[in-house]
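Computed from the coordinates by the stated procedures, all read-outs in this text should not be read as laboratory data. None of the values given here were measured: they were computed from a predicted structure. Please note: Cβ atoms are built from the backbone with ideal geometry, for glycine as well, and neighbour counts cover all protein chains shown.
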Amino acid sequence: MELNLKKVTVRERTNKMYLEKFLTAERIQLKCKASDWRDAIRIASVPLLQANDIKPEYVKAMQDAVEEHGPYMCLAEGFALSHAEPSSLVHKECISLITLDPPIEFGNKDFDPIDVLIAFGTPDAKAHMNFLRELCELLNKPDSFIKIREAKTKNEILSLFSTHDHSKKEVLIG
Amino acid sequence: MVDGKDLRILIVCTFGAGSSQLLKMNIDESLRELGVENVTTEVCDSGSYRGEKCDGIITTTAHEEMVKGHPYAKAFVAVKGIFNTADIKNKVKTLLTELGVEF
């Protein structure tokens, strides 16, 4: 029996188990239209509020953080990671992702305009955010941002970090 | 190790959670790849870093000028972005060189 080595895939470093548990299809929204950066944060928060992951005041806390600290959450070209200090405004560790079309100015001259926004919350700074390492490894890859911002379906984003094969499932349009 | 002590590097970000944890992961990975032990990294937020004793500071370009007033640190570098692993590795090398650490 011949071994088809081309079909052998190298196992990635992490088990990729946590991110798919937290960043579910419901917490992904694509090609959102936001009037400004505050609206963008609000939109990204909608699934977290619906799931009761956060209190409504946490949305304002995330917006206030930008007011107070400037656009510190812009971490790469076109990408921002929005969060506020850990507190009881967050019920449980949570994460959501939106892509913005058109991109939005956040006031960071190095990284504006932003078209990929991830919002997250944690109740406690010492709480182990299990999905963080997987998120880091995902975003370290240079082509991740391209794939995220060009995604037309949620499946395309889910497949970046999911252990399941999404190509055969129904297409979920964001 | 320098003078028989572990070096302490502060990673200064706006908050102590989230993006700073991501940056710390990437800095720690660079140190691992360079085979450097005996250097500890700690995340510190921009409100409280001044009181912390350390040998060097890594921060983002947003805080680059602010940290230079630190009373203890002997070396400073600023990274361009949290996920630019090539840039992070170069900056870590620069910092280690300035602190006299071999790698």
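Of the residues A:Lys147, A:Lys109, the one with the fewest other Cβ atoms within 10 Å heads the list, and the complete ranking is A:Lys109, A:Lys147. Mean residue ellipticity at 222 nm, helices only, chain B: -9500 deg cm²/dmol; runs of at least 4 DSSP H residues each add -39,500 (n - 2.57), and the sum is divided by the number of residues.
For chain B, how big is Rg over Rh, using alpha carbon atoms and the Kirkwood form of Rh?
Details: Rg = 12.2 Å, Rh = 13.3 Å.
Rounded to two decimals, Rg over Rh is 0.92.
Residues B:Cys13, B:Cys54 in ascending order of nearby Cβ atoms (within 10 Å, fewest first): B:Cys54, B:Cys13. With the simple model of a label 7 Å out from the Cα in the direction of the Cβ, B:Arg32 to A:Asp36 spans 4.3 nm. All C-alpha to C-alpha distances of the protein assembly as shown, sorted into 5 Å bins beginning at zero, yield P(r) values of 1, 5, 12, 16, 18, 16, 12, 9, 6, 3, 1, 1, 0, 0 percent in whole numbers. What is the percent of Cα-Cα separations in region A:68-134 that go past 17 Å? When all Cα pairs of region A:68-134 are counted, 46 percent exceed 17 Å. Across the cross-link table entries A:Lys147/B:Lys53; B:Lys68/B:Lys89; A:Lys60/B:Lys89; A:Lys31/B:Lys89, which are compared at the Cα atoms, the separations over 32 Å belong to A:Lys147/B:Lys53; A:Lys60/B:Lys89; A:Lys31/B:Lys89.
For region B:80-86, putting each phi into the Karplus relation 6.51 cos²θ - 1.76 cosθ + 1.60 with θ = phi - 60° gives couplings of 6, x, 5, 9, 7, 5, 5 Hz, in residue order, rounded to whole numbers and with x for Gly and Pro. Put a plus charge on the Cβ of each Lys and Arg, a minus charge on the Cβ of each Asp and Glu, and nothing anywhere else: the dipole of region B:7-98 about its Cα centre is then about 120 debye.
Based on the Kirkwood approach, the hydrodynamic radius assigned to region A:14-158 is 15.1 Å, with every pair of different Cα atoms included. Taking other C-beta atoms within 10 Å as the exposure proxy, A:Lys60, B:Lys5 rank B:Lys5, A:Lys60 from fewest upward.
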